[in-house]
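Where a number appears in this text, it was derived from the coordinates with a stated rule and is not lab data. Fair warning: this is a prediction, and the values are worked out from it, not measured in the lab. All Cβ positions, even for glycine, are placed from backbone atoms using ideal geometry, and neighbour counts span all protein chains on display.
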Amino acid sequence: MFNTAPGHELGVHFGALCGVVGVNIIGLSLGVWFERWRDGYMARRESRKQREASSENGQGEADESNE
């Protein structure tokens, strides 16, 4: 009546759940890695822009000679 026959294969459902959990773990790990990479990339890009702007104004060479 409630599909509780002895031939019910619990292993198939358990395997499907493990597969879903595995895909979620891998997907979350890749998502976190990508976000951290993108944040670092944007920070490096912003730093590069600031260095180029200061060197265009002539401040970069003066700052480097004082150090």
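Data table
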item	result
Glu35-Gln50 pseudo-label distance in nm [points 7 Å out on the Cα-to-Cβ vector]	2.4
Difference of contour (0.36 nm per residue) and Cα-Cα distance, Ala16 to Ala43	5.7 nm
